[in-house]
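Student: This structure is in structure tokens; I'll ask about it shortly.
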Amino acid sequence: MVRKETHTIKHLIQLQDLIVARAQQQASMPKARLEQLDKSISTLAGELPVELKSHFNRLLQKSIEAIVPITGDNCSGCGYALTKTMVNSIHGGDELNRCPNCTRILYSPDVPLTRNSPRRRWGDPVKRGIERFSAPELMVVSLKGTTREDVLLEMCNNLREQGYIESCDDLHDAALRREAIVSTAVEHGIAFPHVRGVEGGGLTLTLGISKKGVDFGGTTKTKIFFYMVIPTAASAFYLKLLSGLTQSFAKKEARDALLAAKTQEELWKILVKATKKHII
Ligand SMILES: [Zn+2]
């Protein structure tokens, strides 16, 4: 079979990654310099056939994710169940397929990033604010790692040990690939590492603190890591969460409180309190 569209799909995925990275920078760093990303985006977009480019732009006006992986036999953007013929064509990569429902461009992920979905028990109180995305067991009070790779792996391992994901192999690689596009480190020693396009479960946040700080590509050492695992369907919401966290920790006192936490429980309480106003 001639896989003539594989190249176009890779091109679109790369473009999509840059567009999301740009939106992330905007949400987490209001004064971010975006020239470099803008340049890369316009170069990649400029290489697309005119019709595809305008379809892609139309999709982007509706949602930040214009090209999405399929999850089993479904579009991960809207959940629509695709026909077997279409799924086979997507796996074959021989033509560009659009979701019949949301018209997003669909592709077959090389390695599906799967995760578990923590079960909620009957009678559990309805969760609000940050509690919808995180939990006390996802607080890492004292990261031991001294490199970018080590701290990311430490947080990933904690997610695995707590039963939120099955394995760290692919997820960890994906987080590092994302850092290679442009560092997620922002001002004030904060970073927002993450993995997008994960199958299953909801948006999950784990918070890690490094007392000494780690060189994470920012202007200063990074001490506060908000690591997020993001299903495709939650992409738009993720940007709101990112902006809410940025606002919650814009003041030094709020960041100092996180850094001073001695136990998981204490760190969790500080996170809940600090985000109450900005994350509803
Ligand atoms: Zn769809």
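Student: Which one is farthest from the ligand (Cβ to nearest atom) among residues in region 43-80 that are among the polar types (S, T, N, Q) and part of a helix (DSSP H, G or I)?
Tutor: Going through region 43-80, the residues among the polar types (S, T, N, Q) turn out to be 43, 54, 57, 61, 63, 71, 74, 76.
If we keep only those that are part of a helix (DSSP H, G or I) too, we end up with 43, 54, 57, 61.
Values: 43: 28, 54: 19, 57: 18, 61: 16 Å.
Of everything passing the filter in region 43-80, 43 is farthest from the ligand (Cβ to nearest atom).
Student: What is the number of the single condition among (1) over 17 Å from residue 271 (Cβ atoms); (2) at pLDDT below 90 that residue 175 does not meet?
Tutor: All conditions are met except number (2).
Student: Any residue in region 168-193 that's free of Cβ contacts under 8 Å to residues at least 60 places away in the same chain and crowded, with 21+ Cβ neighbours inside 10 Å: show its pairings with residues that are of a type in the set (Asp, Glu) and assigned to a helix (DSSP H, G or I) at Cβ separation under 8 Å, as long as the two are six or more apart or on different chains.
Tutor: Close Cβ pairs (under 8 Å, with a partner that is of a type in the set (Asp, Glu) and assigned to a helix (DSSP H, G or I)) amount to 193/179.
Student: Right, something else. Tell me which of these residue 133 doesn't satisfy, since it passes every other one: (1) buried (at least 17 other Cβ atoms within 10 Å of the Cβ); (2) more than 21 Å from the chain's Cα centre (by Cα); (3) of a type in the set (A, V, I, L, M, F, W, C); (4) within 30 Å of residue 257 (Cβ to Cβ).
Tutor: Here residue 133 meets the rest and fails (2).
Student: Still on this structure, I have one more. Name the strands (runs of 3 or more DSSP E) wholly inside region 164-280 in which the number of residues that are small (Gly, Ala, Ser) and not assigned by TED's automatic domain parsing to the domain that holds residue 20 is 3 or more.
Tutor: Of the strands (runs of 3 or more DSSP E) lying wholly inside region 164-280, those with at least 3 residues that are small (Gly, Ala, Ser) and not assigned by TED's automatic domain parsing to the domain that holds residue 20 span 204-214.
Student: I'd like the full set of residues that are modelled with pLDDT of 95 or more and not in a helix (DSSP H, G or I), limited to region 109-146.
Tutor: 139, 140, 141, 142, 143, 144, 145, 146
Student: Determine, yes or no, whether residue 144 is within 23 Å of residue 209 (Cβ to Cβ), of a type in the set (Lys, Arg), loosely packed, with under 14 Cβ neighbours inside 10 Å and more than 16 Å from the ligand (Cβ to nearest atom).
Tutor: Considered against the rule, which asks whether it is within 23 Å of residue 209 (Cβ to Cβ), of a type in the set (Lys, Arg), loosely packed, with under 14 Cβ neighbours inside 10 Å and more than 16 Å from the ligand (Cβ to nearest atom), residue 144 comes out as yes.
Student: Hey, could you check region 189-202 for residues that are modelled with pLDDT of 90 or more and in contact with a helix residue (DSSP H, G or I) (Cβ under 6 Å, 6 or more places away or on another chain) and say which is nearest to residue 32 (Cα to Cα)?
Tutor: Step by step, filter region 189-202, then rank; the result is 192.
Student: Taking the condition among the polar types (S, T, N, Q) and touching a Pro at 6+ places or on another chain (Cβ under 6 Å), does residue 247 pass? Step through it out loud before you land on a result.
Tutor: Values: among the polar types (S, T, N, Q): yes; touching a Pro at 6+ places or on another chain (Cβ under 6 Å): no.
So residue 247 does not fit the description; no.
Student: I would also like to ask the following. Tell me which residues, restricted to region 84-108, are surrounded by fewer than 16 Cβ atoms within 10 Å (Cβ to Cβ) and either away from the ligand (no atom under 13 Å from the Cβ) or modelled with pLDDT under 90 (or both).
Tutor: Within region 84-108, 84, 85, 88, 91, 92, 94, 95 qualify.
Student: Right, next: Which residue pairs have Cβ atoms under 8 Å apart, sit 6 or more places apart or on different chains, and have a first residue in region 56-75 that is more than 14 Å from residue 16 (Cβ to Cβ) and a second that is of a type in the set (Lys, Arg) and within 13 Å of the ligand (Cβ to nearest atom)?
Tutor: Hits for this filter: 75/104.
The values are calculated or read from the model by the stated rules, or taken from the named source; none is laboratory data. The structure displayed is predicted, hence computed values, not measured ones. Here the Cβ is made from the backbone with ideal geometry for all residues, glycine too, and neighbour counts use every protein chain on show.
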